[in-house]
Amino acid sequence: MASSGEHSGHEKHSPLDQFEINPLVNFEVGGVNLAFTNSSVSMVITVLFITLFLTLTVNPRSIVPSRMQLISELCYNFIAQLLNDTVGDQGKRYFPFVFSIFMFVLIGNMVGMIPYQFTFTSHIIVTFALATVVFIGVTILGFVNHGIRFFTFFYIPGVPFYMHPLLIPIEVISYLSRPISLSVRLFANMLAGHTLLKVFAGFVVSMPFFTGVLPLTFIVALTGLEILIAFLQAYVFAILTCLYINDAYHLH
Amino acid sequence: MNNDKNSIKGLKSKIETIEKKNKNESLPKKEKALNFGFKISTEIVAALIVGVGIGILVDKFLGTKPFGLIIFFIFGALAGFLNIYRVMRRIEKQ
């Protein structure tokens, strides 16, 4: 890409250009930049799409569902099943939360797969904010359920007493690393995938004669893989949220 | 009537074979390995980030310059291994 950029004069295309945030409407409150950016546009599209799709397809409420209604019900069942399998009966309360997160991440990833669309999940601050919401919520849930006994979560029974000064810090760090691993996994997958697509797209232009067809076919295959990863990461995000909720209920 | 029943039975076995096939090929092997690698590496990196972060903060507020970082770096690495152990156990359960 660098070479093709030099050939075409001043224009330069980096595979990382796609992650650039451009403010569309500048807006500032008390020195805090709250500009409406292209990332915000993607999020608005995602939320609008989810809301419209779910409400419109489920609206007929037919007993024999149409194809679109079936898709909505599939999404619902998927998360309901997931919560039931991992948390059990108490998990039903958290269905709206897990479902919103799953749909937001899933449709956000899918919107990012549309050419010229911005992928907001490829920014660590977005995924980290999502993961922090999960983490803080689950921690509060643990305290609500168990009160001060929640701290026994870090205490492993059946270990010699002299090991505890060593094990408790390790457990605490392991617990604190949850939001980071949750956010980094989603962010890194999306960032790597989209960069890879753009790098190969650069080869299509810069390779001589008809050899550019080779990377082009590769991109087509890679796009399919990316869609799989987009789904898989949303699934991983949802299942880990469920597991954390489960931990908040059943210490150990 | 009898013919119908037979065709339904045939359909059932057909669905079962397809489901079996899909189960085996739901994720290509390479994709599985890639996902697995990502999982493991993020677990270690995340624990190390937290460990080093705590170490630097401890050093800053207690003025124990190198020792806090050293100790919490080791704790972070151990927590990373603990995370991986948990992931492996979860995978084994499935």
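The values are calculated or read from the model by the stated rules, or taken from the named source; none is laboratory data. All of these numbers come straight from a predicted model, not from anything done at the bench. Quick reminder, even Gly has a Cβ in these numbers, built from the backbone with ideal geometry, and neighbours come from all protein chains shown. Please note that ligands, DNA and RNA were not included when accessible areas were found on the heavy atoms of the full protein model with its side chains. Shrake-Rupley method; radii C 1.70, N 1.55, O 1.52, S 1.80 Å.
Rounded to the nearest 10 degrees, the inclination of helix A:95-113 to the longest alpha-carbon principal axis of chain A is 20 degrees. Pairing chains B and A buries close to 2000 square angstrom of accessible surface in total, based on protein heavy atoms and a 1.4 angstrom probe. The modelled label-to-label distance between B:Phe61 and A:Met68, using points 7 Å beyond Cα along the C-beta direction, is 5.5 nm. One Cα centroid belongs to segment A:46-90, the other to segment A:97-158; the line between them spans 20 Å. The packing ranking, built from the mean of other Cβ atoms within 10 Å per residue, places the peptides A:14-23, A:80-89 in the order A:80-89, A:14-23, highest first. The solvent-accessible area of B:Arg90, taken with every protein chain present and a 1.4 Å probe, is close to 80 Å².
Taking every alpha-carbon pair under 8 Å whose residues sit at least 6 apart, chain A reaches a relative contact order of 25 percent. Modelled label-to-label distance, A:Phe27 and A:Val41, 7 Å Cα→beta-carbon offset: nm? Inter-label distance under the simple model: 1.5 nm. Here segment B:30-94 has 75 percent of its accessible surface on carbon and sulfur atoms, given a 1.4 Å probe and all protein chains in place.
Protein heavy-atom accessible surface, 1.4 Å probe, per residue over the protein assembly as shown: 62 Å².
Taken over the Cα atoms of segment B:28-93, the convex hull encloses 62 Å³ per residue.
Among A:Val47, A:Val32, A:Val134, the largest mean-square fluctuation in a Gaussian network model of chain A (Cα springs under 10 Å) belongs to A:Val32. Distance between the modelled labels on B:Ile40 and A:Phe218, one decimal in nanometres: 2.6 nm (7 Å Cα→Cβ projection). A Förster distance of 22 Å, applied to the separation of the beta-carbon atoms of A:Val205 and A:Leu228, puts the FRET efficiency at 0.25. Can you give the percent of C-alpha pairs in the protein assembly as shown whose distance is more than 30 Å? The share of Cα pairs beyond 30 Å in the protein assembly as shown comes to 51 percent.
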